[in-house]
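The values are calculated or read from the model by the stated rules, or taken from the named source; none is laboratory data. Remember, it's a predicted structure, so these values are computed and weren't measured experimentally. Don't worry about glycine lacking a Cβ; one is built from the backbone with ideal geometry, like all the others, and counts go over all protein chains shown.
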Amino acid sequence: MGKRMMRAVVMKEFGGPENLRLEEVPAPEPGSLREREVLIRVKAVGVCYHDLINRLGNLPRTRLPSILGHEIAGAVVAVGSGVPALRPGDRVATIQRVHCGRCDLCKRGRSTLCKEGVFFGEEIPGGYAEYVVSEEQGLARVPDGIPDEEACICACTIGTALHVVRGRGGVQLDETVLITGASGGVGLHTIQVCRLIGARILAVTSSPRKADRLKEAGADEVIVAPELKFAEAARRLTGGRGVDVALEITGALTFDQAIRSLAPAGRLIVVGNLETRPVSFMPGLVILKELEIRGSFATTTPELSESFRLVGEKKVRPAVSRLMPLADAA
Ligand SMILES: [Zn+2]
Ligand SMILES: [Zn+2]
């Protein structure tokens, strides 16, 4: 008998979307699962801007051929010998990057920094496929009532938002937060999480037609900046003071303006890097205002579980823009 096959969208070369092709490839075998591994039948997978960056060849750890997709929801098919907590049929979703769960950083709750961490679509095959394998520490249970197509995006949107807003950003009630790239997936959910915490939100977009959507998501003010010059508006909207926190979801294009938007002692949290190119800024501003620049990477399994709780309690709404079959991934 031949190997069990599955349909998967395989990327053999970097470049345009035509490099994502639906193929039959060997499926992961239940019998060959390692101790902590879980075989999952994929029910829904999110399409993320990260996938586009990966497809273009801008992520150094990706080995070809690769199967993209790190926003995965599905049902457990089989588990390795060391996974007593999960059984076939259980609904689960993955975080983007699976940590080891055993190193010092993982034990200190900084699992996103785990040196052994592996990202779906980079070091390990992702979820643009019928089946995927994840170690159990990268999985959270999906509660009843949250459909797969919503569950799959929660890690990368709401989980990432919790990690950046509350974790790395330490956003407090009554602080003013500026969000660049606010109309993207992370942005729309970051607005909702800031709203829950009680911060005042200034959302930046380059497109006037996205302003309504940002207001709907909960932004107090929308700064429409077609040229991405928004620092002056941010200072004006804060009585000349500047914002307490700038959440940089875009990267190079908006970095300098985000720094210039900050109040003294403000914090810039860098979470998005759409163009993956270097930035320049005035060190004098950082020195004289005693600014802090912090990074925020991905999300943790507890944050994914918490995202599901917030969705279940209708405190945050996952924003799914479009559904399509696997064959149309490209
Ligand atoms: Zn993502
Ligand atoms: Zn670790």
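Computed values, structure above
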item	result
Hits in the range 2-31 - residues which are within 17 Å of Ala330 (Cβ to Cβ) and in a strand (DSSP E or B)	Arg7, Ala8, Val9, Val10, Met11, Leu20, Arg21, Leu22, Glu23, Glu24, Val25
Count - residues of the range 250-270 that are in a loop (DSSP other than H, G, I, E, B) and at pLDDT 95 or above	1
Total residues in the range 164-183, condition part of a helix (DSSP H, G or I), in contact with a helix residue (DSSP H, G or I) (Cβ under 9 Å, 6 or more places away or on another chain) and more than 16 Å from Lys315 (Cβ to Cβ)	2
Residue satisfying condition, being within 22 Å of His50 (Cα to Cα), surrounded by fewer than 22 Cβ atoms within 10 Å (Cβ to Cβ) and within 18 Å of the chain's Cα centre (by Cα), within set Arg97, Arg110	Arg110
Criterion: surrounded by fewer than 16 Cβ atoms within 10 Å (Cβ to Cβ), within 30 Å of Val98 (Cβ to Cβ) and in the same structural domain as Val193 (by TED's automatic domain parsing) - qualifying residue of Arg277, Arg267	Arg277
The range 271-292, residues that are assigned to a helix (DSSP H, G or I), in contact with a strand residue (DSSP E or B) (Cβ under 9 Å, 6 or more places away or on another chain) and not β-branched (Val, Ile, Thr)	Leu285, Leu288
Residue in the range 96-142 that is nearest to Val47 (Cα to Cα), counting only those that are of a type in the set (A, V, I, L, M) and away from ligand 2 (no atom under 13 Å from the Cβ)	Ala129
From the options Leu52, Leu64, Leu86, Leu105, residue that is within 16 Å of ligand 1 (Cβ to nearest atom) and among the aliphatic types (A, V, I, L, M)	Leu52
Identity of the residue in the range 184-224, at pLDDT below 95 and in a loop (DSSP other than H, G, I, E, B), that ends up nearest to Gln257 (Cα to Cα)	Ser206
Odd one out for Ala8, checked against (1) farther than 16 Å from Gln96 by Cβ; (2) surrounded by fewer than 21 Cβ atoms within 10 Å (Cβ to Cβ)	(2)
